[in-house]
Amino acid sequence: MGETIVLAYSGGLDTSVATKWLQEARGYEVVCLMVDLGRLPDVDSARERGLKAGALAVDVVDAKEDFLRFFVYPALGAGAVYEGSYPLATALGRPLIAKLLVDKAREVGATAVAHGCTGKGNDQVRFDVSIRALGPDLKVVGTARENLMNRDEAIAYAERHGIPIKQTVASPYSTDENLWGRSVEAGMLEDPWMEPPEEVYAWTKPVRATPEEPAYVTIRFDHGAPVALDGEELRAVELVERLNALAGEHGVGRIDMVEDRLVGIKSREIYESPAAVTLLEAHRSLEALTLTKLQLRFKERVAQEYADLIYNGLWFTAHHQDLAAYVQSTQRHVTGEVRMRLHRGTATAVGRQSERSLYSHALATYSEGDQFDQSAALGFIKLHGLPVEVQARRQLMLDAKDDDPLRLGTVGED
Ligand code: ARG
């Protein structure tokens, strides 16, 4: 018997072909692993295909709750969004799948693991790097990278080897789905000038088909993690599934962007992340109430660093541990409720409250009960403006020209 390899298996054409190819071309015994992060396709037919392709076993592991609790919620707490828009659904799933591949490899005594990512994307990097972190002794085979077959060749290969593929009208798009979002690329989307046709969307309604009336949902957070909707405590999977359905119904979470891949390519991506977009906005709004200005400012920088490390496949690193410790510390006061309005493609925070709120009505009010000492503002402004005045008198006025758009030529004259 040859050595055993564990393959990250989706049941689609490519990984079914890979199952056979790893045996034929590389002499491995193949164990297929399907990881359920929330949107597994038909498991029974996928298992049948894997076994027909000669797999020793096709195992399924439900990792939904772990995915949300240990990968998604920490990223939510950090406010991690890549290049201003992408909530990182696919990127967050990869390190968990990598971990489960390594666990399975240990269980079955495998010497290698495999994935079907192409050689042009980020996902191969995330898999390879995470696997090397968790099982440095394991060999990694990228089946699509090492066996360049186009679609027709793959179909012919499957037919030749009796792998049932029942080719429904092949989608021109490459998609990846989990509870945090859906990623779509390729096909006509490769022209960044072309508006995506309605068919690329599966979780969200187009704005014109959304309800005329808004929906309101109150989200409760406990230490930065969502724990209840409209007062009902829910497990993470249920909470995110409900929000995906509700916000998707109102057209929330469509993202159309050009992003920078780690491998240096700019690519056009479509995402649907109704729950993610809603929760990120709600969480941001609660932080505005419960964190100080300095915390918010610094945390924004950390958020970008955190998003980059997730995107770049550096989940299992000390740098991540350090950032996560900081983020977790910031979340100790982020407890409270946010009322979100979902309407015509938007998710807007319209109310927020917290037992840890830093908002003081007595300080903010323009009406009765004002406790802010307005006379103290005078001295404060004097000192705040002092260096500005000194610089204006000693430097800027000397160089000022009449046509200076900042009108420094008139300083002190009128
Ligand atoms: N560009 C996104 C990322 O790097 C999504 C990748 C989607 N993967 C896919 N197989 N369609 O995270």
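Select, from 252, 207, 227, the only residue that is within 16 Å of the chain's Cα centre (by Cα), at pLDDT 95 or above and β-branched (Val, Ile, Thr).
Criteria check complete, one pass: 252.
Any residue at all in the range 177-192 that's more than 13 Å from the ligand (Cβ to nearest atom) and in contact with a strand residue (DSSP E or B) (Cβ under 9 Å, 6 or more places away or on another chain)? Give the derivation first.
At the first step, the residues of the range 177-192 found to be more than 13 Å from the ligand (Cβ to nearest atom) are 179, 188, 191-192.
Adding the requirement that they be in contact with a strand residue (DSSP E or B) (Cβ under 9 Å, 6 or more places away or on another chain) leaves 191-192.
So far as the range 177-192 goes, yes, one or more of its residues are more than 13 Å from the ligand (Cβ to nearest atom) and in contact with a strand residue (DSSP E or B) (Cβ under 9 Å, 6 or more places away or on another chain).
Look at residue 82 and say whether it is at pLDDT 95 or above, more than 16 Å from the ligand (Cβ to nearest atom) and among the hydroxyl-bearing types (Ser, Thr, Tyr). Show your work before the answer.
On the way: at pLDDT 95 or above: yes; more than 16 Å from the ligand (Cβ to nearest atom): no; among the hydroxyl-bearing types (Ser, Thr, Tyr): yes.
So residue 82 fails the test.
Quick one: is residue 47 surrounded by fewer than 21 Cβ atoms within 10 Å (Cβ to Cβ), within 20 Å of residue 174 (Cβ to Cβ) and in contact with a strand residue (DSSP E or B) (Cβ under 6 Å, 6 or more places away or on another chain)?
On the way: surrounded by fewer than 21 Cβ atoms within 10 Å (Cβ to Cβ): yes; within 20 Å of residue 174 (Cβ to Cβ): no; in contact with a strand residue (DSSP E or B) (Cβ under 6 Å, 6 or more places away or on another chain): yes.
For residue 47, the condition - surrounded by fewer than 21 Cβ atoms within 10 Å (Cβ to Cβ), within 20 Å of residue 174 (Cβ to Cβ) and in contact with a strand residue (DSSP E or B) (Cβ under 6 Å, 6 or more places away or on another chain) - is not met.
Identify all residues within the range 142-173 that are within 16 Å of the ligand (Cβ to nearest atom) and at pLDDT 90 or above; write none if there are none.
At the first step, the residues of the range 142-173 found to be within 16 Å of the ligand (Cβ to nearest atom) are 142-145, 151, 154, 170-173.
Result: 142, 143, 144, 145, 173.
Need pairs with beta-carbon distance below 9 Å; first residue of a type in the set (D, E, K, R) and within the range 68-91, second open to solvent by 20 Å² or more (accessible area, probe 1.4 Å); sequence gap 6+ or separate chains.
Taking only residues 6 or more apart or on different chains, the pairs are 69/225; 83/258; 83/260.
Mind checking whether some residue in the range 283-304 is more than 17 Å from the chain's Cα centre (by Cα), hydroxyl-bearing (Ser, Thr, Tyr) and surrounded by fewer than 17 Cβ atoms within 10 Å (Cβ to Cβ)?
Within the range 283-304, one or more residues are more than 17 Å from the chain's Cα centre (by Cα), hydroxyl-bearing (Ser, Thr, Tyr) and surrounded by fewer than 17 Cβ atoms within 10 Å (Cβ to Cβ).
Any idea how many residues of the range 74-84 are buried (at least 23 other Cβ atoms within 10 Å of the Cβ) and either more than 24 Å from residue 321 (Cβ to Cβ) or of a type in the set (Phe, Trp, Tyr) (or both)?
Result for the range 74-84: 0.
Restrict the check to the range 8-31 and report whether at least one residue is over 15 Å from residue 178 (Cα atoms), out of contact with any Gly (no Cβ under 8 Å at 6 or more places or on another chain) and basic (Lys, Arg).
Yes, because at least one residue in the range 8-31 is over 15 Å from residue 178 (Cα atoms), out of contact with any Gly (no Cβ under 8 Å at 6 or more places or on another chain) and basic (Lys, Arg).
Could you check the range 85-133 and list, in sequence order, the residues that are surrounded by fewer than 18 Cβ atoms within 10 Å (Cβ to Cβ), more than 13 Å from the ligand (Cβ to nearest atom) and farther than 22 Å from residue 16 by Cβ?
Those that are surrounded by fewer than 18 Cβ atoms within 10 Å (Cβ to Cβ), more than 13 Å from the ligand (Cβ to nearest atom) and farther than 22 Å from residue 16 by Cβ: 103, 106, 107, 109, 111, 132, 133.
Can you find a residue in the range 358-380 that is out of contact with any His (no Cβ under 9 Å at 6 or more places or on another chain) and surrounded by 15 or more Cβ atoms within 10 Å (Cβ to Cβ)? Steps first, please.
Filtering the range 358-380 for residues out of contact with any His (no Cβ under 9 Å at 6 or more places or on another chain) gives 359-368, 370-380.
Of the ones still in play, those that are also surrounded by 15 or more Cβ atoms within 10 Å (Cβ to Cβ) are none.
Within the range 358-380 (the criterion being out of contact with any His (no Cβ under 9 Å at 6 or more places or on another chain) and surrounded by 15 or more Cβ atoms within 10 Å (Cβ to Cβ)), the answer is no, since none of the residues qualifies.
The values are calculated or read from the model by the stated rules, or taken from the named source; none is laboratory data. All values derive from a computational prediction rather than experimental measurement. Neighbour counts run over all protein chains shown; Cβ positions are idealised from the backbone, glycine included. All accessible areas refer to the heavy atoms of the entire protein, side chains included, with ligands and DNA or RNA removed. Shrake-Rupley method; radii C 1.70, N 1.55, O 1.52, S 1.80 Å.
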